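Peer 1: Here it is, the structure in full.
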Amino acid sequence: MKDTYQTHDQSFSVSNEGGQLKRKLKSRHLTMISLGGSIGTGLFLASGGAIHTAGPGGALIAYALIGIMVYFLMTSLAEMAAYMPVAGTFSTYATKFVDPSLGFALGWNYWYNWAITIAAELSAATIIMKFWFPHTPSIIWSAIALVIMFLLNYLSVKGFGEGEYWFSIIKVVTVIAFIIIGGLMIFGIMGGKAIGFSNFMISDGPIHGGFLAVLGIFMAAGFSFQGTELLGVAAGESESPEKTIPRAIKSVFWRILLFYILAIFVTGLLIPFTDAKLTADDITVSPFTIVFQRAGIAFAASVMNAIILTAVLSAGNSGMYASTRMLWDLARDGKAPKFLGKLDKRGVPVNALIVTALIGTVAFLASLFGDGAVYNWLLNASGMSGFIAWLGIAISHYRFRKAYVAQGKDLKDLPYRAKWFPFGPIFAFILCAIVILGQNYSAFTGDSIDWKGALVSYIGLPIFIIFWLGYKIVKKTKVVRLEDCHFNKE
């Protein structure tokens, strides 16, 4: 069977021996899939720790800079995905426009990134469930959450898209309600007297700890925004990608930036950054829950924890989708075991899904070593890999545009053209590199090197380098000349 998509001068096959991908995702699905992957524990839980660490001003600076960087990455991805819609975007683009070894490493890195993120979300789900059932074993809730995510992904891609759409609606409505209620509290309309900007200036605020503290929370900010690139992965299963992807790109980023910046601004105004409840060491208390409680909303804690649980399942669900598609694409290109490249009759890569879901069992470590510690370890490990994936997008887009022009193609033929080229991908590359190398500088600045802290923070980097150089040495790959870059999938 062969399902071929025609656009411009290229023909993209999305078939395989085991079936074919189904182009059933609409623009609204793409928008909400991206939102679903990015509005989750990063906003509801980790943002409190960011404010506590760097103050409200420092958190706003970090999230704003990461947001600007993500904007450029999104436009870069949109330009490539609208022209060449494929399921394994990062791996395929890097293979075609940079070096096959980079494509191999980016593909496995992205799979690892989301597979670990699934485990982080499962760990967070366990913590949330213990709010109601404090004495039950962690392994029970991890297993239940894993089964739910697996079954949602086992459905057809349209069913997955609809599920994520409604999951994300709940989260979006919650954030909007938080911003509105928080705004009323700031001006004293709800919850007692007006608070104003007093909490911004307490202690050494609004920026606590200076530049280095802001740099230190870049990883948490980046983790919060990770997931926006999911619509690039979903391009291979979207209807009319040359239209739906640019439309989704234009709406998704500004919504996310609006939600994050306003939510952090409101949190920083209402809760003193010196409040110990904000620290990431106690992630069972969400800033959202604290604000709703102070507004006098009945059952605020239970309602908010239920919403956070929905958000966690949604983010993990999106992560399982992304990692499964990436693993399927790697197998199809001969970069992973062949059996992972088969699809069932509904267009679902079941084998890749099963293998990815097994990695979620890492979350069971939560029942052995303590929920909070494991959650923070997983967050840092997946955060590094996410930045590496973004680095790959920036490099691939820079080479894509250079090759496109070098081969005499007309930029007017691009369905979507990223603005600010080449500044956009270069800025994103530099900022990603700074964060990757300096995100845990404190591990090397003390009287002795904190090897455990360094390992937790940088584990994704050596894994990526090993995959990259290993494939390059074994396969003897070289950087693809601009004139030799192929703009078709085959």
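The values are calculated or read from the model by the stated rules, or taken from the named source; none is laboratory data. Predicted model, so just to flag it, every value in this text is computed and none were measured. Glycine also receives a Cβ, built like all others from the backbone with ideal geometry; neighbour counts cover every protein chain displayed. Ligands, DNA and RNA are stripped out before the accessible areas are found, and what is left, the full protein with its side chains, is counted by its heavy atoms. Shrake-Rupley method; radii C 1.70, N 1.55, O 1.52, S 1.80 Å.
Peer 1: State yes or no: is residue 368 at pLDDT 90 or above and over 15 Å from residue 117 (Cα atoms)?
Peer 2: no
Peer 1: Same structure, new question: Taking the stated definitions as given, is residue 435 assigned to a helix (DSSP H, G or I), out of contact with any Gly (no Cβ under 7 Å at 6 or more places or on another chain) and open to solvent by less than 30 Å² (accessible area, probe 1.4 Å)?
Peer 2: So residue 435 does not fit the description; no.
Peer 1: Take the residues in the stretch 316-345 that are closer than 17 Å to residue 155 by Cα and of a type in the set (A, V, I, L, M, F, W, C), then tell me which one is surrounded by the fewest Cβ atoms within 10 Å (Cβ to Cβ). Even if it seems obvious, please write down each step before you answer.
Peer 2: Residues of the stretch 316-345 closer than 17 Å to residue 155 by Cα: 316-325, 328, 342-345.
Now narrow it down to the ones that are of a type in the set (A, V, I, L, M, F, W, C): 320, 322, 328, 343.
Values: 320: 26, 322: 28, 328: 29, 343: 23.
In this case the residue turns out to be 343.
Peer 1: Give the residue, chosen from 472, 409, that is basic (Lys, Arg), more than 26 Å from residue 386 (Cα to Cα), in contact (Cβ under 8 Å) with a residue 24 or more places away in the chain and open to solvent by less than 70 Å² (accessible area, probe 1.4 Å).
Peer 2: 409
Peer 1: Same structure again: For residues in the stretch 441-463 being in contact (Cβ under 8 Å) with a residue 24 or more places away in the chain and polar (S, T, N, Q), which is surrounded by the fewest Cβ atoms within 10 Å (Cβ to Cβ)?
Peer 2: Quick first cut of the stretch 441-463, residues in contact (Cβ under 8 Å) with a residue 24 or more places away in the chain only: 441-442, 456-461, 463.
Still in the list and also polar (S, T, N, Q): 442, 457.
Working: 442: 16, 457: 22.
For the stretch 441-463, the residue satisfying everything is 442.
Peer 1: I need a count of the residues in the stretch 137-171 that are hydroxyl-bearing (Ser, Thr, Tyr) and more than 21 Å from residue 286 (Cα to Cα).
Peer 2: Summing the residues that are hydroxyl-bearing (Ser, Thr, Tyr) and more than 21 Å from residue 286 (Cα to Cα) in the stretch 137-171 gives 3.
Peer 1: A follow-up question, please. Condition check: open to solvent by less than 10 Å² (accessible area, probe 1.4 Å) and either β-branched (Val, Ile, Thr) or at pLDDT 85 or above (or both). Does residue 50 satisfy that?
Peer 2: Yes: the conditions hold for residue 50.
Peer 1: A follow-up question, please. Name, by its number, the condition in (1) without any contact (Cβ under 8 Å) to a residue 60 or more places away in the chain; (2) over 25 Å from residue 314 (Cα atoms) that does not hold for residue 159.
Peer 2: (2)
Peer 1: Another question, then. Determine which single condition residue 264 fails, assuming it passes every other condition in (1) touching a Leu at 6+ places or on another chain (Cβ under 8 Å); (2) among the β-branched types (Val, Ile, Thr); (3) more than 17 Å from residue 59 (Cβ to Cβ).
Peer 2: Looking at each condition in turn, residue 264 falls short on (3).
Peer 1: Which condition does residue 177 not pass, out of (1) in contact with a helix residue (DSSP H, G or I) (Cβ under 8 Å, 6 or more places away or on another chain); (2) assigned to a helix (DSSP H, G or I); (3) open to solvent by less than 50 Å² (accessible area, probe 1.4 Å); (4) of a type outside the set (S, T, N, Q), if it passes all the others?
Peer 2: In the conditions (1) in contact with a helix residue (DSSP H, G or I) (Cβ under 8 Å, 6 or more places away or on another chain); (2) assigned to a helix (DSSP H, G or I); (3) open to solvent by less than 50 Å² (accessible area, probe 1.4 Å); (4) of a type outside the set (S, T, N, Q), residue 177 misses (1) alone.
Peer 1: Could you tell me whether residue 264 is surrounded by 24 or more Cβ atoms within 10 Å (Cβ to Cβ) and over 24 Å from residue 391 (Cα atoms)?
Peer 2: Spelling it out, residue 264 is indeed surrounded by 24 or more Cβ atoms within 10 Å (Cβ to Cβ) and over 24 Å from residue 391 (Cα atoms).
Peer 1: Now for a different question. Could you please let me know if residue 425 is under 21 Å from the mean Cα position of the chain (by Cα), exposed (fewer than 13 other Cβ atoms within 10 Å of the Cβ) and on the phi < 0 side of the Ramachandran plot?
Peer 2: Here the answer is no, as residue 425 does not meet what is asked.
Peer 1: Only one of (1) open to solvent by 10 Å² or more (accessible area, probe 1.4 Å); (2) of a type outside the set (Gly, Ala, Ser); (3) touching a helix residue (DSSP H, G or I) at 6+ places or on another chain (Cβ under 6 Å); (4) not in a loop (DSSP other than H, G, I, E, B) fails for residue 195. Which number is that?
Peer 2: Result: residue 195 fails condition (4) only.
Peer 1: I need the full set of residues from the stretch 121-159 which are under 20 Å from residue 43 (Cβ atoms) and over 25 Å from the mean Cα position of the chain (by Cα), in order please.
Peer 2: Taking the stretch 121-159 and keeping what is under 20 Å from residue 43 (Cβ atoms), we get 121-129, 131, 145, 149.
The one that is under 20 Å from residue 43 (Cβ atoms) and over 25 Å from the mean Cα position of the chain (by Cα): 131.
Peer 1: Limited to the stretch 115-167, what total is found for residues that are among the aromatic types (Phe, Trp, Tyr), at pLDDT 85 or above and assigned to a helix (DSSP H, G or I)?
Peer 2: Number of matching residues: 3.
Peer 1: To continue, here is another question. Hey, can you tell me all the residues within the stretch 252-272 that are among the aromatic types (Phe, Trp, Tyr) and at pLDDT 90 or above? Don't jump to the end; show me each part of the working.
Peer 2: In the first step, residues of the stretch 252-272 are kept if they are among the aromatic types (Phe, Trp, Tyr); the result is 253-254, 259-260, 265.
Matches in the stretch 252-272: 265 only.
Peer 1: Next up: Would the stretch 292-308 turn up any residue that is part of a loop (DSSP other than H, G, I, E, B), open to solvent by less than 30 Å² (accessible area, probe 1.4 Å) and either among the hydroxyl-bearing types (Ser, Thr, Tyr) or within 24 Å of residue 48 (Cβ to Cβ) (or both)?
Peer 2: yes
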